[in-house]
């Protein structure tokens with residue numbers, strides 16, 4: 001586990017902690033215990049205190065960047081060259097002068113998962129947009145940056161039979177009409193049918209399979225290639241593409257004090 005992942009895991013352990021009473025910026029033991037080291041008394045906005053405490057809990061050096069003031073966090077991070085271009089586990093997600101949280105992971109599509117203190121009077125998971133126009137900065141102290149290993153985008157692996165010539169059947173105006181035609185095909189043909197929308201209606205491709213897959217790894221695709229080529233009697237074209245995932249929906253900043 002990297003240093004940044006330790007910070008993120010520390011933050012996740014406190015999800016569900018709530019102020020008592022709500023709206024007071026107080027709570028025993030938390031957030032009072034996170035506010036105490038700063039010598040500022042109690043009852044003040046505590047998102048920065050939470051972020052600082054997570055580094056301490058995880059035993060990760062924050063280079064003295066963490067602070068109750070989010071404007072001061074930005075100033076210190078900029079001075080130390082700790083502003084980072086993307087969300088990585090354990091980095092701080094920062095809206096200077098407004099709010100700060102801890103990054104858990106990048107969800108893709110310009111959205112990351114965070115754990116934040118003092119968000120709607122609690123510690124909670126949030127999905128936050130980042131990038132141009134978002135007002136978001138990422139602060140990654142040295143130990144978090146050094147331990148981070150970027151992950152490659154996930155890919156799906158396919159084989160294409162360029163010699164296959166499936167025939168397009170349809171379209172029909174109603175889906176059930178298409179399904180009735182498919183149900184009358186022999187079982188071996190039904191298993192090769194590929195349903196599509198075509199010119200506003202419902203159609204299907206009938207005939208030899210043109211695309212095989214996806215496989216989750218290149219190795220598993222390559223193992224299947226020889227077996228399929230021997231069965232079909234011709235070469236298949238291997239290719240891959242990035243796995244499509246639904247874009248996550250980001251949340252607005254909302255109540256943070």
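Throughout, read-outs are computed from the coordinates displayed, never taken from laboratory work. Because the structure is a prediction, the values reported are computed rather than measured. Cβ coordinates were reconstructed from backbone atoms using ideal geometry, including for glycine residues, and neighbour counts include every protein chain displayed.
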TODO: Please give the peptides 66-74, 135-143, 194-202, 89-97 ranked by average Cβ packing (other Cβ atoms within 10 Å per residue), highest first, as a rough proxy for protection.
DONE: 89-97, 135-143, 66-74, 194-202
- [ ] Name the most mobile residue of 188, 161, 121, meaning the one with the largest mean-square fluctuation, in a Gaussian network model of the chain with Cα contacts below 10 Å.
- [x] 188
Task: For the stretch 152-257: span of alpha carbons on each principal axis (Å, largest first) - done: 65, 41, 21
Task: Projected-area average for the stretch 76-115 over all orientations - Cα convex hull basis, square nanometres - done: 3.0
- [ ] Over the alpha-carbon set of the stretch 56-102, work out the extent along each principal axis and list the three values in angstrom, largest first.
- [x] 26, 22, 19
Task: At q = 0.14, 0.19, 0.20 Å⁻¹, base-10 log of I(q)/I(0) for the stretch 3-147 (Debye sum, equal scatterers on each alpha carbon) - done: -0.57, -1.07, -1.19
- [ ] Work out how much length residue 72 to residue 125 would gain on full extension: take 0.36 nm times their residue separation and subtract the Cα-Cα distance, in nm to one decimal.
- [x] 16.7 nm
Task: Label-point gap, in nm, between residue 226 and residue 105 - each point 7 angstrom along Cα→Cβ - done: 3.5
TODO: List the equivalent ellipsoid semi-axes of the chain in whole Å, largest first, each obtained as the square root of 5λ for an eigenvalue λ of the Cα gyration tensor.
DONE: 53, 22, 15
TODO: Normalise the Cα radius of gyration of the stretch 111-214 by 2.2 N^0.38 Å (N = residues in it) and let me know the number.
DONE: 1.92
TODO: Using only Cα atoms, find the angle between the long axis of helix 3-12 and the longest principal axis of the chain, and express it within 0 to 90 degrees, rounded to the nearest 10.
DONE: 80
Open item on the list: Helix 70-79 against the longest principal axis of the chain: what's the angle in degrees, Cα atoms only, rounded to the nearest 10?
Closed with: 80
